[in-house]
Every structure is written in structure tokens, then in C-alpha cells.
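To start, the structure under review is shown below, and the notes come after it.
We did not get these values from a lab; they are worked out from the coordinates using the rules stated. Keep in mind it's a predicted model, so treat the numbers as computed, not measured. Backbone-built Cβ (ideal geometry, glycine too); neighbour counts: all protein chains shown.
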Amino acid sequence: MPIRFCLDYILPILSTMETTRLSSKGQVIIPKHIRDAKQWHIGTEFIVEDVGNGILLKPRLAKPFPESDPEQGLGCSGYTGSALSQEDIDTALDEDLRRRWMQE
């Protein structure tokens, strides 16, 4: 391996690497400057993947929508009749699909 390659490529990588230890409880400390840069705060959940000779930690994405109660949202649909059966819904969808297909 050419010396120039070592100086230009490998040394910068090695200079940014840090070490940490596994505690008796299985905990690993992520350096503060990395937590700050990634905006990882206390309670951040991670997905842990086994990648052969190591692990990969990826922050678990927050839920895109807050928890909701379906009963609170049903009133906004404007439908006031009785609930339709799954068979009625399937029939209506099939009829609409046939109608749209014939128009093309």
C-alpha cells in the first residue's frame, strides 16, 4: 500500500475513531460530541443490527403521527348512516372499478 494512500485516507479515519468499553450491564457510552451532533438525547431508541464483525446502531424513527382515537375522527367523514359490511364495501369498490374501466 503506497504511503501517500495511508496519509491521505487511513490516517484521517483513524484520527476520528474513538474507543469505548462495554459495561457489566451491557451498556456502551456513545461520546458526547457524537450524541450532540446527531441530536440523540436521553431515551432515544435505537435499532441494533448485526453486521458481521460489528454492530450498527440506527436511531428508531419517531412515530409519524401522534396516537389517535378512531372515534374522534369518524365524525369528520360526513357519513351518518349505519356501518357497511366488508362485503358491501368490496362490492362498491368492484362496481366503481368496473365503471372506471369502462370509461377508459
Overall Cα dimensions of the range 28-68 - principal axes, largest extent first, Å = 41, 25, 14
Residue by residue through the range 47-58, the couplings from Karplus 6.51 cos²θ - 1.76 cosθ + 1.60 with θ = phi - 60°, in Hz, x for Gly and Pro, are 8, 10, 10, 7, 10, x, 9, x, 10, 10, 9, 10
Please list, in chain and number order, the residues 5+ apart from Thr44 or on another chain whose amide H is under 5 Å from its amide H, with Hs placed from the backbone.
-> none
All other residues with a Cβ under 15 Å from the Cβ of Pro59 taken together, and with Lys, Arg as +1 and Asp, Glu as -1, what is their net charge?
-> +2
